[in-house]
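Asks: Starting off with a structure, shown below.
The values are calculated or read from the model by the stated rules, or taken from the named source; none is laboratory data. These numbers were taken from a predicted model, which means no experiment stands behind them. All Cβ positions, glycine included, derive from the backbone under ideal geometry; neighbour counts span all protein chains shown.
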Amino acid sequence: MPTRSGRRPAKAVSNPSPLALSLINRLQGGFPLGPQPFAQAATALGCDQDVLIATLAELLNQGWLTRFGPLFNAERMGGGLVLAAMAVPDEMFDGVASRVNRFPEVAHNYRRDHRLNLWFVLATDSPAAIDETLHRIEAAAGLPVYSFPKEREFYLGLWLEIDADGERHTRSFSEQPLAAPKPLDALDRRIVAATQAGLPLVAEPWLQVAHQVGCSRDLLSERIQAMLASGVIRRIGVVPNHVRLGFRGNGMTVWDIPDERLDTVGRRIGELDFVSHCYSRPRHPPDWPYNLFAMVHGTDRAQVARKVAEMAHLIGPDSRAHDILYSSAVLKKTGLRLVD
């Protein structure tokens with residue numbers, strides 16, 4: 001897997017055990033599909049499967065990980081996905097955030113330091129359901145919602161690592177050519193429903209899922225492999241809590257780029273080792289002039305600011321304006337829930 005080395009790593013305040021760190025560093029993707037996947041993964045980590053399962057459960061319970069299992073791509077499976085934002089008065093913020101979080105379609109929700117201070121990701125089972133759900137959220141919150149659908153994806157992927165000295169690093173996921181996705185049939189949808197909240201922490205998780213959805217383990221493996229090949233499943237593994245792991249400076253950078261230069265600049269920014277997400281999204285004039293979004297992670301805000309200065313130097317005169325929306329609170333992070 002190619003590396004995208006993190007820069008200016010910082011020491012950790014405290015870390016999980018060496019085995020837990022190895023699990024976090026090595027199991028963010030590529031979880032086996034065989035009959036005894038935990039035994040196979042445990043051998044690579046130098047432990048037995050019972051210890052691995054117990055360690056994984058502890059990391060989830062303590063909040064070092066937010067989930068474990070397949071990560072689904074809503075758009076590749078025929079669903080809808082959008083980033084949305086609201087400007088919420090401080091005195092209303094907690095109530096509005098709570099009402100937004102009650103929508104099962106809301107996969108992630110963050111408070112950011114900006115006039116638009118509530119940012120959430122909405123995933124639905126069909127593209128047509130996006131607008132309807134946004135209208136329901138507006139009605140529940142009593143405030144307008146700004147919609148920022150993805151127009152082009154330049155990069156998505158972040159592998160977080162902590163070495164033995166407690167230094168933080170990032171690297172990229174392998175990017176493989178994707179097969180054309182096929183419409184999900186009834187069995188596929190049962191598989192998504194059974195795994196979208198995570199895999200069971202048992203010696204034979206795939207066998208348990210197969211029993212749950214009513215098929216053989218071999219057929220389940222075949223369907224999972226097809227979803228991986230088509231990008232319906234981005235990866236299978238653990239999802240670290242980046243804040244808990246010491247990446248406490250998290251800034252969504254936004255840039256006003258001339259439309260004719262957007263693809264060139266977006267590709268260039270997406271190649272930077274410290275950028276985990278890079279998309280073009282629509283402007284909302286006159287309130288929002290920005291059309292390029294790039295997420296930057298660092299150990300603190302000062303490190304993020306240095307990285308953004310590097311981005312600004314790279315973009316040069318193609319940037320007419322930019323801003324950094326720092327994350328000040330994680331309000332919800334459950335992953336996509338696309339199938340009932």
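Asks: Return yes when GLY251 is surrounded by 16 or more Cβ atoms within 10 Å (Cβ to Cβ), closer than 21 Å to VAL121 by Cβ and in contact with a helix residue (DSSP H, G or I) (Cβ under 6 Å, 6 or more places away or on another chain) and no when it is not.
Replies: Yes.
Asks: Determine whether region 217-227 contains at least one residue that is within 21 Å of ALA85 (Cβ to Cβ) and either crowded, with 22+ Cβ neighbours inside 10 Å or touching a residue at least 40 places away in the same chain (Cβ under 8 Å) (or both).
Replies: No, because not a single residue in region 217-227 is within 21 Å of ALA85 (Cβ to Cβ) and either crowded, with 22+ Cβ neighbours inside 10 Å or touching a residue at least 40 places away in the same chain (Cβ under 8 Å) (or both).
Asks: Continuing with this model, one more query. What's the total number of residues in region 269-281 that are surrounded by fewer than 19 Cβ atoms within 10 Å (Cβ to Cβ) and at pLDDT 95 or above?
Replies: Number of matching residues: 0.
Asks: Residues of region 287-302 being crowded, with 19+ Cβ neighbours inside 10 Å and either at pLDDT below 90 or in a loop (DSSP other than H, G, I, E, B) (or both), which ones?
Replies: The answer is TYR290, ASN291, HIS297, GLY298, THR299.
Asks: Being of a type in the set (D, E, K, R) and surrounded by fewer than 16 Cβ atoms within 10 Å (Cβ to Cβ), is that true of even one residue in region 104-112?
Replies: no
Asks: Show the residue pairs that are 6+ apart or on different chains and have beta-carbon atoms under 8 Å apart, the first residue being within region 97-111 and farther than 12 Å from ALA85 by Cα, the second being polar (S, T, N, Q) and crowded, with 20+ Cβ neighbours inside 10 Å.
Replies: Listed by first residue and then by second, the contacts come to ASN101/ASN109; PHE103/THR133; GLU105/THR124; GLU105/THR133.
Asks: In this structure, is ARG244 crowded, with 16+ Cβ neighbours inside 10 Å, among the charged types (D, E, K, R) and in a helix (DSSP H, G or I)?
Replies: The answer is no for ARG244.
Asks: I need a count of the residues in region 303-327 that are more than 24 Å from the chain's Cα centre (by Cα) and either part of a loop (DSSP other than H, G, I, E, B) or basic (Lys, Arg) (or both).
Replies: Adding up the residues that qualify gives 2.
Asks: For the structure I just gave you, tell me whether SER230 is over 30 Å from PRO317 (Cβ atoms) and hydroxyl-bearing (Ser, Thr, Tyr).
Replies: So SER230 fits the description; yes.
Asks: Let me ask something else about it. From the list HIS322, HIS284, which residue is at pLDDT 95 or above and farther than 25 Å from LEU272 by Cα?
Replies: It is HIS284.
Asks: Report whether or not GLU161 is buried (at least 19 other Cβ atoms within 10 Å of the Cβ) and either within 25 Å of PHE293 (Cα to Cα) or without any contact (Cβ under 8 Å) to a residue 24 or more places away in the chain (or both).
Replies: The answer is yes for GLU161.
Asks: Moving on to the next point. Are any of the residues in region 63-75 small (Gly, Ala, Ser), in a loop (DSSP other than H, G, I, E, B), modelled with pLDDT under 95 and touching a Ser or Thr at 6+ places or on another chain (Cβ under 8 Å)?
Replies: Yes, region 63-75 has at least one match.
Asks: Taking region 121-157 only, how many residues are at negative phi and either part of a loop (DSSP other than H, G, I, E, B) or touching a helix residue (DSSP H, G or I) at 6+ places or on another chain (Cβ under 7 Å) (or both)?
Replies: Here the count works out to 18.
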